[in-house]
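Reviewing the structure listed below.
The values are calculated or read from the model by the stated rules, or taken from the named source; none is laboratory data. Note that the structure is predicted; figures quoted are calculated from it, not measured. Here the Cβ positions follow ideal geometry from the backbone for every residue, glycine too, while neighbour counts run over all protein chains shown.
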Amino acid sequence: MSDSRRRVREFLSTRRARITPERAGLPVFGGNRRVTGLRREEVALLAGMSIDYYIRLERGNLSGASDSVLDSLAHALQLDDAERAYLYDLARAATAPGRRPPAATGRVRPVVLRMLDAMTGVPAYLRNGRFDIVAANTLGMALYAPVYGSPLFAQRGPVNTARFLFLDPGSTDFWPEWDKAANDSVAFLRAETGRAPHDKGLTDLIGELSTKSDEFARRWARHDVKFQHSGVKRLRHPLVGDLALPYEALDLPADPALRVTIYSPEPGSPERQALDILASWTGSPAPR
């Protein structure tokens, strides 16, 4: 079985297994039910398709599935926005398996670097879908100093927050909510495999983490996907202590594989004061 078919099969089967008949609004008869989740015929009923067609889909054959079929399937499996987008990505990959995205050059456009440098009062960094930090401003590098200083990257680059998270024991100190950070990172990487199924660097990273980290492998098997463009990230910096930093993550339209993350705490907050102290130590000017 090809990797793309396996991804489809495992994603659909794990989504089906998490939904009980009660949650789906279906009656349950008898007490000898062998599965806690939905049966295939129940998904087919909810999606308005034949059982044979659904079995074909769950076996990994999404080729030719129409938008209406995918929408019905997403509704039956109660997929959220991220899961629905991932399903559509899997279907696109099945329909046009020979297409390859343009190879990433690894270069960051000068205008993007100038934009990062101009944000002197807030930490900001640029990453790709593999969690490589490809550029950061001075305060961003200072905030992520434990990651930049990890022995993992002494002889190899670039700095990668997923590798640090799962392969450096110090990550549990940097991320006080380590489990949440781990769950989110794996879910983001899973979503990226749908968007960029032919990214060899991404495939290599997932293979490395699956082999070296049981924590990663266990989470990867869940097939969870997630989008998150804003929120609050909790970090524990060795110099300024615990931080709860509001952030925005913005995709760059001209560079589809890149995303800039900006931390911007409330004026006068302890986090703002901590960043001002960090800025004074790094020579980065604090905001007025």
(request) Could you check how many residues of segment 256-288 are at pLDDT below 90, closer than 25 Å to Arg130 by Cβ and buried (at least 18 other Cβ atoms within 10 Å of the Cβ)? (result) 1
(request) Please find, among Ser68, Ser72, the residue that is of a type in the set (S, T, N, Q), in a helix (DSSP H, G or I) and surrounded by 15 or more Cβ atoms within 10 Å (Cβ to Cβ). (result) Ser72
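Listed here are the residues, each with its yes/no results for (1) more than 23 Å from Ala85 (Cα to Cα); (2) of a type outside the set (Asp, Glu); (3) crowded, with 18+ Cβ neighbours inside 10 Å.
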residue: Leu143; (1), (2), (3): yes, yes, yes
residue: Thr161; (1), (2), (3): yes, yes, yes
residue: Ala181; (1), (2), (3): no, yes, yes
residue: Ser185; (1), (2), (3): no, yes, yes
residue: His198; (1), (2), (3): no, yes, no
residue: Leu202; (1), (2), (3): no, yes, yes
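If we keep just the residues of segment 182-202 that are in contact with a helix residue (DSSP H, G or I) (Cβ under 8 Å, 6 or more places away or on another chain) and free of Cβ contacts under 8 Å to residues at least 40 places away in the same chain, which is farthest from Leu143 (Cα to Cα)?
The extreme case among them is Val186.
Identify all residues within segment 19-56 that are among the hydroxyl-bearing types (Ser, Thr, Tyr) and either part of a helix (DSSP H, G or I) or not assigned by TED's automatic domain parsing to the domain that holds Ser68 (or both); write none if there are none.
Pass one, segment 19-56, residues among the hydroxyl-bearing types (Ser, Thr, Tyr): 20, 36, 50, 53-54.
Tyr53, Tyr54 - these are the residues of segment 19-56 that are among the hydroxyl-bearing types (Ser, Thr, Tyr) and either part of a helix (DSSP H, G or I) or not assigned by TED's automatic domain parsing to the domain that holds Ser68 (or both).
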(request) Select from segment 75-87 the residues that are free of Cβ contacts under 8 Å to residues at least 60 places away in the same chain and surrounded by 17 or more Cβ atoms within 10 Å (Cβ to Cβ) and write down the one among them that is nearest to Val186 (Cα to Cα). (result) Arg84
(request) Could you please tell me which pairs satisfy a Cβ distance under 9 Å, a separation of 6+ or placement on different chains, a first residue in segment 162-177 that is in contact (Cβ under 8 Å) with a residue 40 or more places away in the chain and on the phi > 0 side of the Ramachandran plot, and a second residue that is assigned to a helix (DSSP H, G or I) and of a type in the set (Asp, Glu)? (result) none
(request) List the number of the failed condition for Ala249; all other conditions in (1) in contact with a Gly (Cβ under 7 Å, 6 or more places away or on another chain); (2) within 19 Å of Ala136 (Cβ to Cβ) hold. (result) (1)
